[in-house]
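Okay, so here's the structure we're looking at.
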Amino acid sequence: MAAIRASEPRPRPPIPDSPRTRRAPSVLDHPGPPSHSARLACVVGTSYTGSTLLALLVNAHPEVLSLGELNGAMSRVLWPAYRCSCGAPLGDCDFWRRVSEAMHRRGFDFGARQWNTSFTLGTHALTRHILVRSLGADSLDRARARLLARSETSGGRLREIGLRNAALVESVTECAGKPILVYTSKDPMRVRFLTGFSGLVPQVIHLVRHPLGFVSSDLRHSQATVDASVRGWVRRQRQVLRLRRAFPEDRWLTVRYEDMCIRTEQEVARMLDFLGATTPDAWIDALMGHEHHVLGNEMRMRWPAGVQMDLSWRTRLSGADVRLVLARTELLRRGFGYADLDPLFQ
Ligand SMILES: [Zn+2]
């Protein structure tokens, strides 16, 4: 497990909170307790940060279910070739067929090509951006959510999507026989909308990866420049930290990709404890040989294969790139306690 060749760094201190920015918990002004029996945790962060690995790890636990992003985007784009991690084409997977039936029983049409679980409004890119993307300030995002909730058309549409998400959470947990669901959509705005329009009050796992690792993976998969990539990392982390202010301590957990690779068992135990799942003594056995139906990147098809940290930034990024990334992210990295991993990133 955790086959990393670099020497193990010294134990790190807990990731510090920022007292200047924390305030009284609000959970986005949610009016009451959760109205559903299934428990939901949402993973937030950037792409290329280990969320498929996280999904596979926690899904090994008998009480925890993680099915990936649950927005239908990949199956829509790659249809009909897209396969579930069990190997079956998504339309033929028995688990997802049973989920469709469970959704039908709850009054929702649902299928491999018909998810409709994304909180989208408007038909044009600009309208969509104004209506559902982050406006860059917590006060603006919350004011807009209150306005949308009062609008008959937009509020009705968002409540409909919210109910559909709540029904999907109940359906997948029922079909899997597991009470805790971990979403890995990574989008902080999705957490805001879920909290405001579904009746669910999620826990949040902030999954963060060192920016050198993120930028390297981003460049491998996209046409982004180093400059644009690092700006994207910073923008998303700030968005996540704004969301964090609305959550009480006991509903928020920060997990670093590197710790998942270096101290896999301990980090999974920490996540299970946060999720309220009991950690069985022999969980590592379950970890390596269980059934899963994860929708995400190609790593889901290779499990189990051990956990290996991707350090390809060392060859992919030039010295100037590394200096640019480190200079632009210094404060955030310090906030996430990355000083203890400096030996890995030099
Ligand atoms: Zn499957």
Item to check | Number of positions in segment 112-162 that are modelled with pLDDT of 80 or more, within 30 Å of Cys93 (Cα to Cα) and among the charged types (D, E, K, R) | outcome: 3
Checklist entry - So Leu212 fits all but one of (1) closer than 30 Å to Asp310 by Cβ; (2) in a loop (DSSP other than H, G, I, E, B); (3) of a type outside the set (S, T, N, Q); what number is the exception? => result (2)
Item to check | segment 140-186, residues that are more than 24 Å from Gln203 (Cβ to Cβ) and either assigned to a loop (DSSP other than H, G, I, E, B) or of a type in the set (Ser, Thr, Tyr) (or both) | outcome: Ser151, Thr153, Ser154
Item to check | Enumeration of residues in segment 112-135 that are within 15 Å of the ligand (Cβ to nearest atom) and in a helix (DSSP H, G or I) | outcome: none
Checklist outcome for this item: Among Ala149, Ala137, the single one that is surrounded by fewer than 18 Cβ atoms within 10 Å (Cβ to Cβ) and in contact with a Gly (Cβ under 6 Å, 6 or more places away or on another chain) is Ala149
Checklist entry - What residue, of Gly177, Gly155, Gly199, is without any contact (Cβ under 8 Å) to a residue 60 or more places away in the chain, at positive phi and over 18 Å from the mean Cα position of the chain (by Cα)? => result Gly177
Next on the checklist: Need pairs with beta-carbon distance below 7 Å; first residue touching a residue at least 40 places away in the same chain (Cβ under 8 Å) and within segment 224-246, second among the basic types (Lys, Arg); sequence gap 6+ or separate chains.
Outcome noted: Val230/Arg328; Val234/Arg328; Leu243/Arg192; Arg245/Arg22; Arg245/Arg23
Item to check | Which numbered condition Thr329 fails, given (1) within 19 Å of the chain's Cα centre (by Cα); (2) modelled with pLDDT of 65 or more; (3) within 30 Å of Gly136 (Cβ to Cβ); (4) not hydrophobic (A, V, I, L, M, F, W, C) | outcome: (1)
Checklist entry - Any idea which of (1) away from the ligand (no atom under 14 Å from the Cβ); (2) at pLDDT 75 or above is the one Leu78 doesn't satisfy? => result (2)
Checklist entry - Residues in segment 102-111 that are outside any helix (DSSP H, G or I) and either at pLDDT 85 or above or more than 16 Å from the ligand (Cβ to nearest atom) (or both): how many? => result 5
Next on the checklist: Given the criteria out of contact with any strand residue (DSSP E or B) (no Cβ under 6 Å at 6 or more places or on another chain), among the β-branched types (Val, Ile, Thr) and in a helix (DSSP H, G or I), does Val99 qualify?
Outcome noted: yes
Checklist entry - Before we move on, is Val172 farther than 21 Å from Arg106 by Cβ, touching a residue at least 60 places away in the same chain (Cβ under 8 Å) and not charged (D, E, K, R)? => result no
Checklist entry - Would segment 235-254 turn up any residue that is part of a helix (DSSP H, G or I) and of a type in the set (Phe, Trp, Tyr)? => result no
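The values are calculated or read from the model by the stated rules, or taken from the named source; none is laboratory data. Nothing here was measured: the structure is a model prediction, and the numbers come from that model. Reconstructed Cβ throughout: ideal geometry from the backbone, glycine too, with neighbour counts over all protein chains shown.
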